[in-house]
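Q: Mind having a look at this structure? Questions to follow.
Where a number appears in this text, it was derived from the coordinates with a stated rule and is not lab data. Predicted model only: the values in this text are computed from it and were never measured. Using ideal geometry, Cβ is built from the backbone for each residue, glycine included, and neighbour counts are taken over all protein chains shown.
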Amino acid sequence: MSAKPTEDLNLFHIAKRQFDAAVPFTRDLEGWRGVAEWLFRPERMIKVTLPVVMDDGYVHTYTGFRVLHDTARGPGKGGIRFHPNVDEDEIKALATWMSWKCALTEIPFGGAKGGVECDPTRLSTQEKRRITRRFIAALGDNIGPHTDIPAPDLYTDAQTMAWVYDTYSMMHPGENNLPVVTGKPLDLGGSLGRETATAQGLLFVLEHMIEMGALPGLAGLEGASVAIQGFGNAGRNAARLFRNAGAAVVGVSDTRGGIYDPSGLDVARVESHKDETGSVVDLPDTKPLDHREVLEVPCDVLVPAAIESQITSENAERVQAAVVIEAANGPTTPEADDILGDRGIPVVPDILSASGGVVVSYFEWAQNLGNEQWEEADIHNRLQQKMKRATEAVVTTRAALIENMERYQEAWSRVQPKAPKLRRPTLRTAAHVVAIERCRRTAEQRGIWP
Ligand code: NAD
């Protein structure tokens, strides 16, 4: 039995600590004068009560949230999740990270996120449909093609997005409502490449970092060993893409547990087993693991692709990967970041490596506005360009921050004389600096109303 981490796992506090770690590396510190606080605070938080008739006639009252973080760069964009842990602070953090993701990948959106506190594993399809419809009706005109555009996230999928579209469309007849939501089924205005976008984006980032020499512990994907926590949209597609790139997927896990084979799992066999039994566990000829143990197997690349706060101060010392690359949002806590950093294990941060989904969501939105359908190869190339540019911005910014460390330290000590010594900037800090600077620039260009 592993000990519980003693650190603060409140996700919004974690988002704030990551933001605060980046602030000393931004330009013109004296000039911020309160802007930083405004930039960090969410613009709007909506909480709705959702009475839903269950299949057995019981009326269950759910709570739904939708948070708009920052719309200076465009309408809000972000997924909707169904999960028992959903609460306001979690959704606020996820919306904040969406703002940084959109800025980092230079797509014209701000950050948003939504969720319903429920246990999707205990819901029938019809119950999920009723929750979705009631939630979207309750949000009313707080979402819209030019105001706030949802997408799939944890335990929601293309089917859920079809219900979102249909509900919104019933409320706005006679309009092109397709751009109100992304991640829709292909027949309903969805985009080619959206299903695999998050995993594909992650591989593009990793490949480009290797090309740039930014991950000294990793020479290439051919022959590399990979462990993945989570076997849903992000994790399962990542497993397939890593295998196609010549890597050996040695461990995977889902909520029920994990499996391990140091010589490489047969990914197609794992997928059929998951489809047949609902889980990856008990696949014959593999070693069983606990659902978090997969984070500790020896591997070149570790991909947390399940939920938040999985790599913490409690297990970071036992991570045996050369590189951690995040597919989930917020899987690594700040304490774990420090431990991994001190151990020389780079962590490629979610706001960069998990941004492929929102990039292709943007492509879907653009296609819907023009009633077009782009070719898959076109989407693939466009995604690659976006991920490359974002990766380059993060890697070069980090190098520049490290080079000018003394200057940043001096400036920060002038503004905050009692503050502790700055830590050497990580990829996460550099990614935040790029994103925050872009959001700040837009806010300054627009000016603060009135
Ligand atoms: P999903 O619902 O498709 O899959 C989630 C997977 O994680 C399932 O296999 C589930 O069994 C597993 N899981 C859940 N809790 C677990 C635990 N405690 N231990 C081990 N496995 C666990 O969700 P998804 O869309 O793949 O999202 C996964 C993560 O990726 C989330 O953090 C999400 O926010 C993030 N993400 C998703 C997208 C997207 O486009 N779907 C984009 C960016 C980031």
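Q: Viscosity 0.692 mPa s, temperature 37 °C: give me the Stokes-Einstein translational D for the range 7-137 in µm²/s, with Rh taken as the Kirkwood radius over C-alpha pairs. Spell out each step's value before the answer.
A: Details: Rh = 16.1 Å.
After rounding, the answer is 204 µm²/s.
Q: Between the range 164-202 and the range 349-369, how many Å separate their Cα centres?
A: 12
Q: For n ≥ 4 DSSP H runs only, could you compute -39500 (n - 2.57) per run for the chain, divide by its residues and tell me the 222 nm figure to the nearest 500?
A: Details: 14 runs with 188 residues, N = 450.
Computed mean residue ellipticity for the chain: -13500 deg cm²/dmol.
Q: Another one. For the range 1-54, just the Cα atoms, rotate onto the principal axes and tell me the three extents in Å, largest first.
A: 55, 38, 11
Q: Now, a different point. Taking all pairs of different Cα atoms in the range 104-241, averaging 1/r and flipping that mean, what Kirkwood radius in angstroms comes out?
A: Mean inverse Cα-Cα distance, inverted, gives 17.2 Å.
Q: Kirkwood-based Rg over Rh for the range 53-130 (C-alpha set), two decimals?
A: Taking Rg over the Kirkwood Rh, I get 1.11.
Q: Please compare each pair in K128/K274; K101/K421; K101/K386; K16/K77; K47/K386; K101/K418 to a cut-off of 23 Å on the Cα-Cα distance and tell me which ones are over it.
A: Details: K128/K274 21 Å; K101/K421 28 Å; K101/K386 12 Å; K16/K77 20 Å; K47/K386 34 Å; K101/K418 32 Å.
Result: K101/K421; K47/K386; K101/K418 exceed 23 Å.
Q: So, one more: State, to one decimal in nm², a quarter of the convex hull surface area for the C-alpha atoms of the range 131-189, i.e. the direction-averaged projected area.
A: On the way: hull surface 14.9 nm².
If you wrap the Cα atoms of the range 131-189 in a convex hull and average its projections, you get 3.7 nm².
Q: Let me ask something else about it. Please list, in chain and number order, the residues 5+ apart from A224 or on another chain whose amide H is under 5 Å from its amide H, with Hs placed from the backbone.
A: Excluding prolines and chain starts, which carry no amide H, the hits are A248.
Q: Which ³J(HN,Hα) values, rounded to whole Hz and listed in residue order, are derived for the range 216-224 from phi using the Karplus coefficients 6.51, -1.76 and 1.60 in 6.51 cos²θ - 1.76 cosθ + 1.60 with θ = phi - 60°, glycine and proline given as x?
A: Once rounded to whole Hz, the list reads x, x, 9, 8, x, 8, 4, x, 6.
Q: For a quick check: with amide H placed at 1.01 Å from N, whose amide H comes under 5 Å from S191's, ignoring anything fewer than 5 positions away on the same chain?
A: Under 5 Å from the amide H of S191 lie the amide H atoms of G183, K184, each far enough along the sequence or on another chain.
Q: Can I ask one more? May I ask you to derive the relative contact order of the chain, considering only C-alpha pairs under 8 Å and at least 6 residues apart, and to give it as an integer percent?
A: Details: 919 pairs, mean separation 75.5, N = 450.
Normalised by residue count, the contact order of the chain is 17 percent.
Q: Based on the alpha-carbon gyration tensor of the chain, what equivalent-ellipsoid semi-axes (square roots of 5 times the eigenvalues) come out, in whole Å, largest first?
A: On the way: eigenvalues 194, 169, 90 Å².
So the three semi-axes of the chain are 31, 29, 21 Å.
Q: Could you work out the local net charge near S191, counting Lys and Arg as +1, Asp and Glu as -1, over the other residues with Cβ closer than 15 Å to its Cβ? Before the final figure, lay out each step's value.
A: Working: positive: K77, K184, R194, R382, K386; negative: D157, D187, E195, E364, E372, E375, E376, D378.
Local net charge: -3.
Q: For the ranges 248-254, 301-307, what's the packing order if you count other beta-carbon atoms within 10 Å of each residue, average per peptide, and put the highest first? Can you show the working numbers first?
A: On the way: 248-254: 25.4, 301-307: 27.3.
So the order, starting with the most tightly packed, is 301-307, 248-254.
Q: Please report the antiparallel percentage of the DSSP beta bridges confined to the chain, to the nearest 5. Walk me through the numbers on the way to the answer.
A: Working: 24 of 50 bridges.
So the antiparallel bridges amount to about 50 percent of the total.
Q: How big is the shadow of the Cα convex hull of the range 247-304, averaged over all directions, in nm²?
A: Values: hull surface 14.6 nm².
Taking a quarter of the hull surface, the average projection is 3.7 nm².
Q: With bins 5 Å wide starting at 0, give me the P(r) of the range 252-371 over every alpha carbon pair, in whole percents.
A: 2, 11, 18, 19, 16, 14, 10, 6, 3, 1, 0
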